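Trainee: I'd like to ask some things about the structure below.
Read-outs: derived from the displayed coordinates by stated rules, not from any lab. Since the structure is predicted, the reported quantities are computational estimates derived from the model, not experimental observations. Note that each Cβ is placed from the backbone with ideal geometry, even for glycine, and that neighbours are counted across all protein chains shown.
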Amino acid sequence: MKKVILGDHAVSYGALLSRVQTIAAYPITPQTLIVERLSEMTANGELDAIFTKVESEHSAMASTVGSSAAGARAFTATSAQGLALMHEMLHWAAGARLPIVMANVNRAMAPGWTIWTDQNDSLSARDVGWMQVYCQNNQEVLDSIILGYKVSEQVDLPTMVILDAFVLSHTAEGVDIPDIKKVDEFLPPYKPEIKMDINDPRSFGALTSPDVYMEFRYKMQQAMDKAKKVIVEEGKKFGEMFGREYGLIEEYKTEDADTILIASATVASTARAVIDELREKGEKVGLVRIRVFRPFPTEEIIKVLEGRKKVVVIDRNISFGKTGIFFDEVKGAFYNSKGNKPPMFGYIAGLGGRDVTPKVIREIVEDALNKDKPESEIIWKGVKL
Amino acid sequence: MSKLTIPQEEIMSSGHLACQGCAGALAMRYMLKVFGKKTMLAVPACCWSVIDGPWPYSAVSVPLFHTAFETAAITASGLKAGLVAQGINDVNVVAWAGDGGTFDIGFQAISGAAERNDDILYVVYDNEAYMNTGIQRSSATPYGAWTTTTPANHPKDRPKKDLVEIIAAHRVPFVATASVAYPEDLIKKFEKAKNTKGFKLIHIFAPCPTGWKMAPELSIESARLAVQTRVFPVYEVENGVHYKLNINVKNPKPVGEYLKIQGRFRHLKEDDYKVIQENVDREWELLMRKVETFK
Ligand SMILES: Cc1ncc(C[n+]2csc(CCOP(=O)(O)OP(=O)(O)O)c2C)c(N)n1
Ligand SMILES: [Mg+2]
């Protein structure tokens with residue numbers, strides 16, 4: 001069934017279709033519409049789940065951790081300050097190997113107070129052991145919630161499904177809402193191998209000495225490696241069943257491209273139009289959208305970038321004292337590769353929700369096209385000084 | 001008080017890592033005897049995250065989830081929700097935390113769970129300081145006590161936070177104090193909590209010989225003296241308004257008898273004893289008025 005819905009509601013439908021059993025959440029703009037709709041869905045019986053209206057995001061994640069440990073399919077959603085407050089429990093969810101799925105609406109961090117989009121909230125949670133999926137439209141948001149559970153429950157790591165504040169969260173788009181029976185076929189009920197079970201009592205998360213801790217972390221990394229395969233496999237299966245395939249990265253007109261633009265989230269969907277425009281002018285440019293940031297698609301990126309003349313990365317985020325984070329990671333992925341390494345341009349744009357319009361993207365690409373190599377490791381686009 | 005039998009079955013085993021005379025360990029043993037094997041535990045950072053044993057061991061034969069310091073209540077709520085969502089309705093979930101995880105850092109999450117009336121039992125074993133990290137003061141540390149962050153020349157100068165009153169103000173079904181020195185009363189309270197739906201909290205006075213600088217064999221005695229001097233009244237509150245004194249202390253001993261057996265009060269002078277006695281008398285008077293007024 002096709003419906004015109006907001007990105008936030010695409011999240012709610014994704015949770016509904018995944019038949020989540022518990023929800024614990026705390027409101028924050030621009031995530032509020034997700035929890036409001038889920039409150040309605042649980043209140044009117046559309047969704048058979050227990051919704052705990054907690055007193056903070058820290059508790060939202062702690063509650064979700066508890067429910068997941070008990071064996072339930074658990075869901076939550078947050079944004080920015082809320083995600084930051086949860087940070088300790090993000091580690092807990094991943095370290096306890098719980099297949100939680102959470103939506104995070106990308107919102108810039110305060111101060112100054114802001115509700116508009118950028119990626120510094122989720123990227124500050126880069127190293128906690130969660131998979132991170134950056135979505136480009138509302139359809140992908142809905143699908144990624146379902147896919148999130150499908151993948152997480154196989155690798156025992158949580159998934160963060162990420163959508164841009166307002167650009168997606170509060171923007172209505174046509175979304176195909178799949179039949180729940182078909183989703184049931186794709187995503188069977190959650191049946192964990194071990195859980196908090198009175199018939200099989202264990203302690204979870206007990207004291208570890210230096211003699212054993214590292215092995216637990218090694219296994220998390222192994223799970224991330226496995227996830228790369230599972231994400232691609234399940235993305236294909238999803239495509240066969242629902243007609244929309246998903247992978248780690250998405251290429252657009254890259255085949256013969258000399259210059260590759262790398263972007264994520266809605267900047268990437270906007271960039272497609274710019275690629276078309278530049279192609280009409282005879283520029284051989286293509287786009288790589290990084291959809292999955294953790295696990296990082298190192299091999300896939302090397303494969304598409306090797307032998308190109310230039311790479312341009314747009315970051316809607318910054319690691320203060322370094323560079324844009326996607327830029328840094330793409331560059332790092334390359335260092336040990338064998339082939340030629342094209343010059344890489346890293347632009348910072350759109351922080352705090354400043355519009356990244358086709359014009360902005362075009363100017364960025366043209367700027368890189370006009371230079372042999374970048375004048376610095378970090379190029380700010382559109383800063384007014 | 002009618003006689004009752006304490007179940008013989010031991011769900012907590014020996015070989016745990018508690019110090020000698022740890023009342024927090026004893027309290028757990030009693031709780032599990034009453035609650036039985038259809039129980040799950042959420043344990044935050046506290047001595048009990050050590051006592052239960054390192055991975056892959058456990059001293060309790062019920063599932064135990066170690067969780068972050070400030071999240072005992074909400075982790076328990078989350079566990080309960082997860083169970084009920086799967087149609088498992090007959091398992092009790094108990095949050096088991098120290099005073100620091102309760103009076104201080106975990107306070108907000110407890111208030112949330114209490115206000116929602118989540119169906120859990122929250123037990124705080126109160127040893128009146130952060131013992132896991134080496135005896136630092138908490139807001140449950142009593143007036144005049146030495147800790148490593150309230151040195152003897154500058155001991156704690158504020159009274160203990162009144163947790164039970166604050167929880168009672170949430171109008172929850174059951175909140176009570178209890179003492180390891182009075183196991184019959186303690187057992188009864190666990191039974192009552194087990195048979196009451198909604199949010200329950202039991203505040204257990206739990207001496208810590210290591211942190212209180214006293215001999216392990218004085219653990220129970222100090223707990224008994226705390227009650228007999230009226231330093232720690234044993235009472236309960238139903239639905240936030242019905243007060244009941246469980247152990248009446250008709251002829252209280254002077255507070256000095258309780259204070260002088262503990263090294264953490266060694267620096268106190270007669271004048272300090274007087275101040276503490278006055279505080280204890282006033283608090284007792286206040287409680288008695290509530291008990292008489294709100295039966
Ligand atoms: C967020 C956070 N802050 C600080 C700590 C360090 N810490 C661990 S246990 C503890 C004290 C626990 O005191 P209490 O709750 O009274 O339990 P006890 O150790 O006395 O049994 C502290 C401060 C922590 N684990 N997490
Ligand atoms: Mg303590």
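Trainee: Please report, largest first and rounded to whole Å, the three semi-axes of the ellipsoid equivalent to chain A, where each semi-axis is the square root of five times an eigenvalue of the C-alpha gyration tensor.
Mentor: Working: eigenvalues 236, 105, 82 Å².
Computed over chain A, the values are 34, 23, 20 Å.
Trainee: Taking the Cα centre of chain B as origin, work out the dipole magnitude from +1 charges on Lys and Arg Cβ and -1 charges on Asp and Glu Cβ, in debye rounded to 20. Kindly include the intermediate steps, with their values, before the conclusion.
Mentor: Values: 34 positive and 31 negative charges, 71 e Å.
Here chain B has a charge dipole of around 340 debye.
Trainee: Another question, then. Using r as the Cβ-Cβ distance of B:LYS38 and B:GLU217, and R0 as 25 Å, what FRET efficiency do you calculate, to the nearest 0.05?
Mentor: On the way: r = 35 Å, r/R0 = 1.39.
Result of the calculation: an efficiency of 0.10.
Trainee: What does DSSP give for the protein assembly as shown in terms of the percent of beta bridges that are antiparallel, rounded to the nearest 5?
Mentor: On the way: 21 of 84 bridges.
In the protein assembly as shown, approximately 25 percent of DSSP beta bridges are antiparallel ones.
Trainee: Separate question: Given R₀ = 45 Å, FRET efficiency for A:GLU240-A:ASP367 by Cβ-Cβ distance, to 0.05? Don't jump to the answer; show the numbers that get you there.
Mentor: Details: r = 41 Å, r/R0 = 0.92.
The pair A:GLU240/A:ASP367 has a calculated efficiency of 0.65.
Trainee: So between A:GLU375 and A:ILE194, what do we pick up on full extension, going 0.36 nm a residue minus the alpha carbon distance?
Mentor: Extra length from A:GLU375 to A:ILE194 when fully extended: 59.8 nm.
Trainee: Continuing with this model, one more query. B:ASP118: net charge of surrounding residues, Cβ under 15 Å, Lys/Arg +1, Asp/Glu -1, itself excluded?
Mentor: On the way: positive: A:LYS53, B:LYS80, B:ARG116, B:ARG171, B:LYS197, B:LYS200; negative: A:GLU55, B:GLU115, B:ASP119.
That works out to +3.
Trainee: What does the net charge come to around B:SER139 if you take all other residues with beta carbon closer than 15 Å to its beta carbon, with K and R at +1 and D and E at -1? Let's see the in-between values first.
Mentor: On the way: positive: B:ARG137, B:LYS156, B:ARG158, B:LYS160, B:LYS161; negative: B:GLU70, B:ASP99, B:ASP104, B:ASP126, B:GLU128, B:ASP157, B:ASP162, B:GLU165.
Spelling it out: positives minus negatives among the neighbours equals -3.
Trainee: Now for a separate question. What is the Cα centroid distance between the stretch A:16-44 and the stretch A:262-288, reported in whole angstrom?
Mentor: Measuring centre to centre over Cα atoms gives 35 Å.
Trainee: List the lysines whose Cα lies under 16 Å from the Cα of A:LYS309, skipping any in the same chain that are fewer than 8 positions away.
Mentor: Correct list for A:LYS309: A:LYS253, A:LYS284, A:LYS331, A:LYS338, A:LYS341, A:LYS371, A:LYS373.
Trainee: Full extension from A:ASP225 to A:SER209: what is 0.36 nm times the residue separation minus their Cα-Cα distance, to one decimal in nm?
Mentor: On the way: separation 16, 0.36 × 16 = 5.76 nm, distance 2.53 nm.
Net length gain for the segment: 3.2 nm.
Trainee: Something else: Once amide H atoms are placed 1.01 Å from N in the peptide plane, what residues at a sequence separation of 5 or more from B:PHE174, or on another chain, have their amide H within under 5 Å of its amide H?
Mentor: Placed amide hydrogens put B:LEU201, B:ASN239 under 5 Å from B:PHE174.
Trainee: Just rank B:LEU41, B:LEU64, B:LEU17, fewest to most, by other beta-carbon atoms within 10 angstrom.
Mentor: Values: B:LEU41 31, B:LEU64 27, B:LEU17 16.
With the fewest neighbours first, B:LEU41, B:LEU64, B:LEU17 line up as B:LEU17, B:LEU64, B:LEU41.
Trainee: Additional query: How much of the DSSP bridge set in chain A is antiparallel, in percent, rounded to the nearest 5?
Mentor: On the way: 11 of 48 bridges.
DSSP beta bridges in chain A are roughly 25 percent antiparallel.
Trainee: So, one more: Where does each of A:SER337, A:SER152 land when they are ranked from fewest to most other beta-carbon atoms within 10 angstrom?
Mentor: Lowest to highest Cβ neighbour count: A:SER337, A:SER152.
Trainee: Nearest 0.05, what FRET efficiency do B:LYS274 and B:LYS3 give at R0 = 35 Å with Cβ-Cβ as r?
Mentor: Details: r = 40 Å, r/R0 = 1.14.
Efficiency at R0 = 35 Å is approximately 0.30.
Trainee: Name the residue from A:VAL35, B:TRP48, A:SER169 whose Cα lies farthest towards the positive end of the charge dipole of the protein assembly as shown, charges +1 on Cβ of Lys and Arg and -1 on Cβ of Asp and Glu.
Mentor: Value computed over the given set: B:TRP48.
Trainee: Next question. How large is log10 I(q)/I(0) at q = 0.11 Å⁻¹ when the Debye formula is applied to the Cα atoms of the protein assembly as shown, each weighted equally and without solvent?
Mentor: With one equal scatterer per Cα and no solvent, log10 I(q)/I(0) is -1.04.
Trainee: Could you list B:LYS3, B:LYS274 so that the one with the fewest beta carbons within 10 Å of its beta carbon is first and the one with the most is last?
Mentor: Working: B:LYS3 5, B:LYS274 12.
Taking fewest neighbouring Cβ atoms as first place, the list is B:LYS3, B:LYS274.
Trainee: For every other residue with a beta carbon closer than 15 angstrom to the beta carbon of A:ALA69, add +1 if it is Lys or Arg and -1 if Asp or Glu, then tell me the sum. Spell out each step's value before the answer.
Mentor: Details: positive: A:ARG73, A:ARG97, A:LYS191, A:LYS195, A:ARG202, B:LYS80; negative: A:GLU153, A:ASP156, A:GLU193, A:ASP197, A:ASP200.
Counting the neighbours of A:ALA69, the net charge comes to +1.
Trainee: Just from its helices, what would the mean residue ellipticity at 222 nm be for the protein assembly as shown, if runs of 4 or more DSSP H residues each count -39500 (n - 2.57) and the sum is divided by every residue, rounded to the nearest 500 deg cm²/dmol? Mind dumping the intermediate values first?
Mentor: Details: 22 runs with 259 residues, N = 680.
Mean residue ellipticity, 222 nm, calculated: -12000 deg cm²/dmol.
Trainee: Might you report the magnitude of the Cβ-based charge dipole of chain A about its Cα centre, with Lys and Arg at +1 and Asp and Glu at -1, to the nearest 20 debye? Don't jump to the answer; show the numbers that get you there.
Mentor: Values: 47 positive and 53 negative charges, 104 e Å.
In total the dipole reaches around 500 debye.
Trainee: How much of the DSSP beta bridge set in the stretch B:23-293 is antiparallel, as a percent to the nearest 5? Display every interim value, and only then the final one.
Mentor: Working: 9 of 33 bridges.
Just about 25 percent of them are antiparallel.
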